[in-house]
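I have placed the structure first, in the form of structure tokens, so that the comments after it can refer back to it.
The values are calculated or read from the model by the stated rules, or taken from the named source; none is laboratory data. Just so we're clear, the structure is a prediction, and the values are computed from it rather than from any experiment. Cβ atoms come from the backbone with ideal geometry, glycine included; neighbour counts cover every protein chain shown. Please note that ligands, DNA and RNA were not included when accessible areas were found on the heavy atoms of the full protein model with its side chains. Shrake-Rupley method; radii C 1.70, N 1.55, O 1.52, S 1.80 Å.
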Amino acid sequence: MNVEQLYSIYLQHPSVQTDTRKLGQGDLFFALKGPSFNGNQFAAKAIESGAAYAIIDDVAFEVPGRTILVQDVLQTLQQLAKYHRQQLSIPFLAITGSNGKTTTKELIHATLSSTYKTYTTEGNLNNHIGVPLTILKIRMDAEMAIIEMGANHLGEIASYCDIALPTHGLITNCGKAHLEGFGGEEGVRKGKGELYDFLRDHQGTAFVMWDYTYLREMSKGIPRIIQYGTEEGDVIGNLLDSDPFLSVQFNKGFSGSIQTQLVGSYNLPNVLAAVAVGRFFNVAEESIRQAIEGYVPSNSRSQLMLKGSNKIILDAYNANPSSMKAAIDNFSKTDGDNKVLVLGAMAELGAESIQEHQTLIEEIGKQAWKEVILVGGDFLKLQHPYRSFQSSIEAGQWFKEQNVQDSYLLIKGSRSAQMEKVLEYL
Ligand code: ATP
Ligand code: MG
């Protein structure tokens with residue numbers, strides 16, 4: 001079956017699933033393979049549960065009339081997504097970068113949704129499966145699409161661009177994240193820069209954070225560039241306050257200020273990006289303001305919360321050297337007594353891991369804290385004067401034993417450190 005034939009089936013059955021537990025009546029089930037499972041084995045079950053068809057790549061699992069046998073299920077999913085994309089003549093904005101992709105995407109989504117029927121990546125579905133699934137969720141009534149693209153190695157963003165065919169693009173920043181897969185910071189820039197390369201070759205438009213000289217350099221040659229920043233650009237805004245919530249004063253491209261519900265000055269570029277995109281697409285200023293002011297982060301991304309007498313910045317969604325430094329800088333500048341750092345190890349740093357943890361320890365040492373708790377990974381291999389634990393649960397138990405009160409905590413670590421578990425003990 002070729003992609004056009006499959007597309008006509010998709011148009012009859014536009015709800016695509018890869019997980020039998022989420023299947024609804026009439027869905028299309030794509031039997032993907034993973035490191036520890038073979039989706040083909042679930043094809044019959046999917047059909048029993050109501051799937052219209054199951055797309056499989058192993059003849060042994062055929063169910064007559066109900067399975068569609070292809071060479072490779074993942075490739076077929078990607079080809080179908082690309083074909084669907086090609087039927088949509090609307091702006092497609094791709095977002096990548098080391099930090100802040102999801103937050104920026106959510107802010108832009110809120111902004112554009114005020115005025116346009118906008119589809120976007122759900123949660124963090126930003127990989128080789130998430131990108132095509134996101135595209136296949138877009139219906140014909142769409143006026144805008146925003147696609148988050150994550151990457152941990154070279155070539156990945158280029159391959160996602162080849163499916164999503166973005167007309168517009170935004171790189172939040174290039175920092176020290178996924179150093180292992182990219183082979184250092186230069187590799188990160190090259191990898192994220194694949195989005196700019198695509199825009200350059202396809203008459204695209206880029207939204208560029210003009211404060212970052214490396215992004216200026218990287219974006220050279222893109223036919224249309226919209227600049228945002230704190231000093232120069234089409235949209236200029238500055239930090240009014242970030243204690244604890246960020247507010248931004250605009251000096252160009254937007255009138256007045258915006259009071260957000262985001263913690264941390266590191267969210268400033270994310271807000272500027274949303275304003276720049278909103279203005280570019282002619283969203284009214286008041287709609288932009290309401291959209292950004294109304295956005296409340298979820299899923300442990302820089303959430304401010306109270307637990308008993310303790311105040312907490314929960315930023316346990318992920319961490320890398322750049323976002324750790326940004327979070328600690330921000331925390332040190334906010335008002336409050338009895339500040340406690342509760343930091344989990346940073347994952348995926350490869351050969352630079354020990355050195356990056358050492359640098360972080362030195363960074364922490366530049367200031368006085370009521371307490372510093374370090375959890376897991378390379379923190380356990382290094383010499384330092386701080387309390388350390390194997391796991392976030394053990395750290396949590398320590399908090400409970402000590403009955404920590406009246407403190408202001410920053411909780412942050414890589415996803416694998418599961419630092420949010422500390423909360424249960426506070
Ligand atoms: P992932 O790679 O997991 O998809 P992401 O790039 O989507 O991450 P977010 O989920 O938006 O990033 O934010 C995760 C954390 O990164 C935030 O809680 C915050 O600590 C940090 N962060 C967000 N924006 C920035 C920024 N512009 N610069 C530095 N750090 C940031
Ligand atoms: Mg994300």
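Structure summary
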{"item": "Charge-dipole axis of the chain as Lys and Arg at +1 and Asp and Glu at -1 on Cβ define it, positive-most pick from N238, A177, N299", "result": "N299"}
{"item": "On Cα atoms only, tilt of 353-365 relative to the major axis of the chain in degrees", "result": "40"}
{"item": "Compactness of the stretch 219-300, expressed as Rg and Dmax over alpha-carbon positions, Å", "result": "12.7, 39"}
{"item": "Relative contact order computed over the stretch 38-137 (Cα-Cα under 8 Å; 6+ residues apart), in percent", "result": "21"}
{"item": "Solvent-accessible area of S265 with every protein chain in place, 1.4 Å probe, in Å² to the nearest 10", "result": "40"}
{"item": "Shape call, the stretch 298-426: gyration tensor on alpha carbons, a/c limit 1.5", "result": "rounded"}
{"item": "Tilt relative to the chain, helix 268-280 - C-alpha long axis, 0 to 90 degrees, to 10", "result": "40"}
{"item": "Estimated dipole of the stretch 88-294 in Debye, rounded to 20 [Cβ of Lys and Arg +1, of Asp and Glu -1, Cα centre]", "result": "300"}
{"item": "Relative frequency of Cα-Cα separations exceeding 31 Å in the chain, percent", "result": "46"}
{"item": "Calculated [θ] (222 nm, deg cm²/dmol) that DSSP helices of n ≥ 4 give over the chain, each run adding -39,500 (n - 2.57)", "result": "-10000 deg cm²/dmol"}
{"item": "Relative contact order (%) - criterion: Cα under 8 Å, at least six apart; region: the chain", "result": "11"}
{"item": "R279 accessible area, assembled protein chains, probe 1.4 Å, Å²", "result": "90"}
{"item": "Most to least accessible of M346, M1 (protein chains only, probe 1.4 Å)", "result": "M1, M346"}
{"item": "Share antiparallel - DSSP beta bridges, the chain, percent rounded to 5", "result": "25"}
{"item": "Helix axis angle, 285-294 relative to the chain longest principal axis, alpha carbon, degrees", "result": "70"}
{"item": "Accessible-area ranking of F280, F42, largest first, probe 1.4 Å", "result": "F42, F280"}
{"item": "The stretch 303-425: relative contact order as a whole-number percent, Cα under 8 Å and 6+ apart", "result": "40"}
{"item": "Accessible surface of L239 - all protein chains present, 1.4 Å probe, nearest 10 Å²", "result": "80"}
{"item": "Cα-based shape type of the stretch 127-228, given that a ≥ b ≥ c are square roots of the gyration tensor eigenvalues and the cut on a/c is 1.5", "result": "oblate"}
{"item": "Links that overshoot a 27 Å alpha carbon limit, given the list K82/K117; K82/K192; K176/K311; K117/K190; K105/K176; K33/K190", "result": "K176/K311; K117/K190; K33/K190"}
{"item": "Check: the stretch 343-426 dipole with +1 on Lys, Arg Cβ and -1 on Asp, Glu Cβ, in debye", "result": "120"}
